[in-house]
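**Q** Below is the structure I would like to discuss, written out as structure tokens.
Values in this text are rule-based calculations from the coordinates and carry no lab data. Just so you know, these numbers come straight off a predicted model, no measurement behind them. Note that we place each Cβ from the backbone using ideal geometry, even for glycine, and neighbour counts take in every protein chain shown.
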Amino acid sequence: HFTKLLFYTNSMATEGVSRKPILEMVQAESADESCVTYVMHDEDHTLGNSLCYMIMKNPEVEFCGYSITHSSESKINFRIQTKGGLPAIEPFRRGLTELNDLCQHVLNTFEMSVKAYEQQSFEDMV
């Protein structure tokens, strides 16, 4: 037996249209919270590999890995196992937050570089 939790987007759904979950948490009923599989819909290796890297930096994580069930499906199975009874949701949230912060830093740095380049190009033209 498995326990399944579903998470949906906050976007407004049209009446009568079923909403597709973006994240499922799948866990054996006898298992503790330190070993969980998350199913992320509409995702692929881009998020899977990056998030796995961020989560594995946590010394309390014993195992983190992901798989794509089939190349025609756009979902990944993401497994986390922690040490010392730490709930797997904690490093999952932390990894998502740190990955988001990293991506925001890269975006900000890129945008500043583009502005500097455009400013320099404009000054060279004048």
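**Q** Label-point separation (nm) for Met125 and Thr46, each offset 7 Å from Cα along Cα-to-Cβ?
**A** The two pseudo-label positions are separated by 3.1 nm.
**Q** Please find the FRET efficiency linking Glu62 to Glu29, where r is the Cβ-Cβ separation and R0 is fixed at 25 Å, and quote it to the nearest 0.05.
**A** Numbers: r = 21 Å, r/R0 = 0.85.
My answer for the efficiency is 0.75.
**Q** How high is the relative contact order of the range 40-126, in percent, counting Cα pairs under 8 Å that sit 6 or more residues apart?
**A** Working: 83 pairs, mean separation 22.8, N = 87.
RCO, the range 40-126: 26 percent.
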